[in-house]
Amino acid sequence: MLGKTFTKEEIVDKVLWSLTPKWDSKITAIEEGRNFNTLTYDQLRSNLIAYEVKYLNNNQVEEEKKKKEESESSDEDENANICLMAKGDE
(Lines give C-alpha, C1' and ligand atoms only; values in the text may rest on other atoms or scores of the structure.)
Protein backbone atom coordinates (compact mmCIF):
# COMPACT_ATOMS: atom_id res chain seq x y z
CA MET A 1 0.00 0.00 0.00
CA LEU A 2 2.79 2.44 0.78
CA GLY A 3 3.91 4.23 -2.30
CA LYS A 4 0.82 3.17 -4.29
CA THR A 5 -0.51 5.82 -6.61
CA PHE A 6 -4.28 5.87 -6.89
CA THR A 7 -6.05 6.69 -10.13
CA LYS A 8 -8.64 9.46 -10.15
CA GLU A 9 -11.38 6.81 -10.47
CA GLU A 10 -10.11 4.99 -7.37
CA ILE A 11 -10.01 8.23 -5.37
CA VAL A 12 -13.58 9.14 -6.38
CA ASP A 13 -14.78 5.61 -5.52
CA LYS A 14 -13.06 5.69 -2.12
CA VAL A 15 -14.57 9.07 -1.25
CA LEU A 16 -18.06 7.92 -2.25
CA TRP A 17 -17.70 4.70 -0.23
CA SER A 18 -16.61 6.67 2.82
CA LEU A 19 -19.78 8.79 3.01
CA THR A 20 -22.50 8.09 5.58
CA PRO A 21 -26.00 6.83 4.66
CA LYS A 22 -27.48 10.34 4.64
CA TRP A 23 -25.53 10.84 1.40
CA ASP A 24 -27.03 7.78 -0.34
CA SER A 25 -29.34 9.71 -2.66
CA LYS A 26 -26.51 11.98 -3.78
CA ILE A 27 -24.12 9.06 -4.26
CA THR A 28 -26.69 7.33 -6.47
CA ALA A 29 -27.23 10.47 -8.52
CA ILE A 30 -23.48 10.92 -9.02
CA GLU A 31 -22.93 7.28 -9.97
CA GLU A 32 -25.77 7.35 -12.48
CA GLY A 33 -24.66 10.66 -13.97
CA ARG A 34 -23.30 10.92 -17.47
CA ASN A 35 -19.84 12.12 -16.49
CA PHE A 36 -19.22 9.75 -13.58
CA ASN A 37 -16.38 7.95 -15.33
CA THR A 38 -14.56 11.24 -15.99
CA LEU A 39 -15.34 12.86 -12.63
CA THR A 40 -12.27 14.23 -10.85
CA TYR A 41 -11.79 14.52 -7.11
CA ASP A 42 -12.10 18.33 -7.28
CA GLN A 43 -15.36 18.10 -9.22
CA LEU A 44 -16.71 15.54 -6.76
CA ARG A 45 -15.67 17.65 -3.78
CA SER A 46 -17.36 20.80 -5.10
CA ASN A 47 -20.47 18.78 -5.98
CA LEU A 48 -20.66 17.32 -2.46
CA ILE A 49 -20.08 20.70 -0.80
CA ALA A 50 -22.87 22.28 -2.84
CA TYR A 51 -25.22 19.43 -1.90
CA GLU A 52 -24.31 19.74 1.77
CA VAL A 53 -24.87 23.49 1.84
CA LYS A 54 -28.14 23.35 -0.09
CA TYR A 55 -29.82 20.24 1.28
CA LEU A 56 -28.16 18.70 4.30
CA ASN A 57 -27.69 21.94 6.23
CA ASN A 58 -31.21 23.03 5.29
CA ASN A 59 -32.62 19.75 6.62
CA GLN A 60 -30.64 20.16 9.82
CA VAL A 61 -32.05 23.67 10.34
CA GLU A 62 -35.59 22.37 9.74
CA GLU A 63 -35.08 19.54 12.25
CA GLU A 64 -33.82 22.01 14.85
CA LYS A 65 -36.87 24.22 14.25
CA LYS A 66 -39.19 21.22 14.70
CA LYS A 67 -37.47 20.24 17.94
CA LYS A 68 -37.73 23.81 19.22
CA GLU A 69 -41.42 24.00 18.29
CA GLU A 70 -42.09 20.64 19.95
CA SER A 71 -40.25 21.76 23.05
CA GLU A 72 -42.20 25.03 23.17
CA SER A 73 -45.46 23.15 22.65
CA SER A 74 -44.53 20.74 25.43
CA ASP A 75 -43.72 23.68 27.72
CA GLU A 76 -47.08 25.30 26.94
CA ASP A 77 -48.91 22.04 27.70
CA GLU A 78 -47.02 21.70 30.96
CA ASN A 79 -47.86 25.30 31.93
CA ALA A 80 -51.54 24.67 31.13
CA ASN A 81 -51.53 21.55 33.31
CA ILE A 82 -49.94 23.47 36.17
CA CYS A 83 -52.63 26.16 35.86
CA LEU A 84 -55.37 23.53 35.94
CA MET A 85 -53.83 21.89 38.97
CA ALA A 86 -53.57 25.24 40.73
CA LYS A 87 -57.22 25.99 40.01
CA GLY A 88 -58.19 22.61 41.40
CA ASP A 89 -56.55 23.46 44.73
CA GLU A 90 -58.64 26.59 45.23
Only one of Ser46, Ser74 is modelled with pLDDT under 90 and open to solvent by less than 80 Å² (accessible area, probe 1.4 Å), namely Ser74
Can you spot a residue in region 78-87 that is loosely packed, with under 11 Cβ neighbours inside 10 Å, polar (S, T, N, Q) and at pLDDT below 90?
-> yes
State which residue pairs qualify: first residue closer than 18 Å to Val53 by Cβ and in a helix (DSSP H, G or I) and inside region 10-25, second residue among the aromatic types (Phe, Trp, Tyr) and open to solvent by less than 40 Å² (accessible area, probe 1.4 Å) in any location, beta carbons under 9 Å apart, and separation of 6 or more residues or different chains.
-> Trp23/Tyr51
Count of residues meeting criterion [open to solvent by 70 Å² or more (accessible area, probe 1.4 Å) and either of a type in the set (A, V, I, L, M) or touching an Asp or Glu at 6+ places or on another chain (Cβ under 9 Å) (or both)] in region 27-37 | 1
Is there a residue being among the polar types (S, T, N, Q), at pLDDT below 90, open to solvent by 90 Å² or more (accessible area, probe 1.4 Å) and out of contact with any helix residue (DSSP H, G or I) (no Cβ under 7 Å at 6 or more places or on another chain) anywhere in region 54-61?
-> yes
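The values are calculated or read from the model by the stated rules, or taken from the named source; none is laboratory data. What you see is a predicted model; the values in this text were computed from it and never measured. No Cβ is skipped: glycine too gets one built from the backbone with ideal geometry, and neighbour counts run over all protein chains shown. Keep in mind that these areas ignore ligands, DNA and RNA; they rest on the heavy atoms of the full protein, side chains included. Shrake-Rupley method; radii C 1.70, N 1.55, O 1.52, S 1.80 Å.
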